[in-house]
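Here's the structure we're looking at; comments come further down.
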Amino acid sequence: MASAIYPIAKKAFLDGDIDLLAADIRAVLIDTGTYTYNTAHDFYADLTGVVGTESGLFASKTTTGGVFDAADITFTAVTGATAEAIVIFVDTGNPATDRLVAYIDSASSGLPVTPNGGDINVVWNASGIFAL
């Protein structure tokens, strides 16, 4: 599977329902042995195979030239299965309404990664996280 923006997020961008600069954006590590990207998935509650806990809030977000970017993120004290993907989502505080935004499984994101109880730092590509 190549990295992708979830279709429900695309619709929300077009409808003006997601403002990436104003929204609380977070990410989770995903074990693709137990989760498969699906275009029908729209909320965090659809995810399986979450490894560790979610990241902190994305900081220094930008949307220059149709490209979403933010400061690099850290997952703290991660244990569990090997993670082969990252899912970015809008955090509402409720997994039933946390809208999925992007699925990232590119090698340039440092994936896969095997947790060892330490922190996992994600360094986003210099050209940005994703483009619309």
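Here, each number is a calculation from the coordinates, and none is a lab measurement. These figures come from a predicted structure and were not determined experimentally. All Cβ positions, even for glycine, are placed from backbone atoms using ideal geometry, and neighbour counts span all protein chains on display.
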Checked pairs for region 1-20, first within 17 Å of ASP98 (Cα to Cα), second among the small types (Gly, Ala, Ser), C-beta under 6 Å and 6 or more apart or across chains, list as ILE5/ALA102; ILE18/ALA12
In the set ALA96, ALA81, ALA70, the lone residue that is under 13 Å from the mean Cα position of the chain (by Cα) and in contact (Cβ under 8 Å) with a residue 40 or more places away in the chain is ALA70
When VAL122 is run through (1) in contact with a Ser or Thr (Cβ under 6 Å, 6 or more places away or on another chain); (2) under 20 Å from SER3 (Cα atoms); (3) buried (at least 18 other Cβ atoms within 10 Å of the Cβ), the failure sits at (1)
Expected single match for outside any strand (DSSP E or B), in contact with a Pro (Cβ under 9 Å, 6 or more places away or on another chain) and not aromatic (Phe, Trp, Tyr) among ALA81, ALA71, ALA96 is ALA81
Residue hits (region 32-54; farther than 14 Å from VAL90 by Cβ, surrounded by fewer than 17 Cβ atoms within 10 Å (Cβ to Cβ) and among the small types (Gly, Ala, Ser)) are GLY33, ALA40
Within region 99-108, restricting to residues that are in contact (Cβ under 8 Å) with a residue 24 or more places away in the chain and either outside any loop (DSSP other than H, G, I, E, B) or of a type in the set (Gly, Ala, Ser) (or both), the one that is surrounded by the fewest Cβ atoms within 10 Å (Cβ to Cβ) is SER106
Would you check if there is a residue in region 23-31 being part of a loop (DSSP other than H, G, I, E, B), surrounded by fewer than 19 Cβ atoms within 10 Å (Cβ to Cβ) and touching a Phe, Trp or Tyr at 6+ places or on another chain (Cβ under 6 Å)?
no
